[in-house]
Amino acid sequence: MARWTPERRRKAAIKGGFGVYYAIFLVFVYGPMIAMFILSFQGRRGGTSFPMRGVSLYWWEKLIQPSTVGDLQGAMLRSLILALIVMVITALFSTMLAMAFRKRFWGSGVLFYTVMAGLMVPGILLSLGLATMLQTIGIPPAWWSSALGVHVVWTLPFGFLVMMAVFNRFDSRLEEAARDMGADEWTVFKEVTFPLILPGIVAAGLFGFTLSYDEFARTTLLAGEYNTLPLDINASMTQRVRPTLFALGTASTIFSLLMIGLFLVIYTILYRRSR
């Protein structure tokens, strides 16, 4: 048996300290979410804190009933539709941009930093600037127009970076071999390029969906008459907080995890097929 020298004790103490720090970090990050999940099953007389007063599905049933404050069901549907549209646009435009950047062209540097500016500008400032411009030209903001545009500005750089990484590892000799065999450009893209980059396209779309679904700052001034889910939750927090919000948060979290899991399964299948 090896002796516990001072050096080994010191290393073990450091590892133990990092382990404790990591455990505290996990509790700090995931503790509120777990507490929210548990409290969503409060009884009818339950509140928003422990100890629990009974266990039931009362607040989950209230979630699907018409709300007297806000429109949680409609807001969730609007957020879902908006996220799906942003997902498609992000996947499509990030792929087109990355393909354009495979070769140098005039103005490529300016275009690159223009796309990346969406990551650098604070969300609330972007929302305020676009809202001011729309007000000046007399166009009313709406979740399906102005909010859609600002969400794409936010998600496009992430999808673009994903696709740039995909094309950096792409073997262009496969395309050259297809051209040497007489294939035209559309056939090369359809039969060679697209199947190989499809996992990256799915990953870019996943970024678009997840970032848009819970976006708050960039939507604050651009949602118009109807709120998205994050805005409706924030509005409901100004009223009396009920466990219904906990049920909604739990349902939204489960839905997001299921969507991410679905995308990861699709990504894994497509990646193995492309390999």
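The values are calculated or read from the model by the stated rules, or taken from the named source; none is laboratory data. All values derive from a computational prediction rather than experimental measurement. Every residue, glycine as well, gets a Cβ built from its backbone with ideal geometry; the counts of neighbours run over all protein chains shown.
Structural remarks
- On the stretch given as segment 208-236, residues that are out of contact with any Leu (no Cβ under 9 Å at 6 or more places or on another chain) and either more than 15 Å from ARG78 (Cβ to Cβ) or β-branched (Val, Ile, Thr) (or both) total 2.
- Number of the condition not met by LEU174 [criteria: (1) surrounded by fewer than 21 Cβ atoms within 10 Å (Cβ to Cβ); (2) in contact with a Phe, Trp or Tyr (Cβ under 6 Å, 6 or more places away or on another chain); (3) not polar (S, T, N, Q)]: (2)
- Test: residue in segment 111-122 that is in the same structural domain as ALA100 (by TED's automatic domain parsing), farther than 25 Å from LEU198 by Cβ, surrounded by 16 or more Cβ atoms within 10 Å (Cβ to Cβ) and of a type in the set (S, T, N, Q): no
- Residue match in segment 50-73 (condition: closer than 26 Å to LEU148 by Cβ and either in contact with a strand residue (DSSP E or B) (Cβ under 7 Å, 6 or more places away or on another chain) or in a helix (DSSP H, G or I) (or both)): yes
- Taking (1) over 30 Å from PHE170 (Cα atoms); (2) in the same structural domain as GLU185 (by TED's automatic domain parsing) in turn, MET52 satisfies each apart from (2).
- The residue that is surrounded by the fewest Cβ atoms within 10 Å (Cβ to Cβ), among those in segment 123-148 that are assigned to a helix (DSSP H, G or I) and without any contact (Cβ under 8 Å) to a residue 12 or more places away in the chain, is ILE137.
- The residues of segment 177-189 that are surrounded by 11 or more Cβ atoms within 10 Å (Cβ to Cβ) and among the aromatic types (Phe, Trp, Tyr) amount to a single one, PHE189.
- Helices (runs of 4 or more DSSP H) fully within segment 171-256 counting 1 or more residues that are among the polar types (S, T, N, Q): 185-188, 194-213, 229-237
- Qualifying residues in segment 167-202 (those that are among the polar types (S, T, N, Q) and over 28 Å from the mean Cα position of the chain (by Cα)) - the one nearest to PHE101 (Cα to Cα): SER172
- Residue among THR244, THR219 that alone is in the same structural domain as SER79 (by TED's automatic domain parsing), of a type outside the set (Phe, Trp, Tyr) and either in contact with a His (Cβ under 9 Å, 6 or more places away or on another chain) or at pLDDT 80 or above (or both): THR219
- Where a residue in segment 69-93 is touching a residue at least 40 places away in the same chain (Cβ under 8 Å) and its partner, wherever it lies, is surrounded by fewer than 16 Cβ atoms within 10 Å (Cβ to Cβ) and among the acidic types (Asp, Glu), with Cβ under 6 Å and at least six apart: none
- Exactly one residue out of PRO157, PRO195 is modelled with pLDDT of 90 or more and either outside the structural domain of PHE93 (by TED's automatic domain parsing) or closer than 27 Å to ILE269 by Cα (or both), and it is PRO157.
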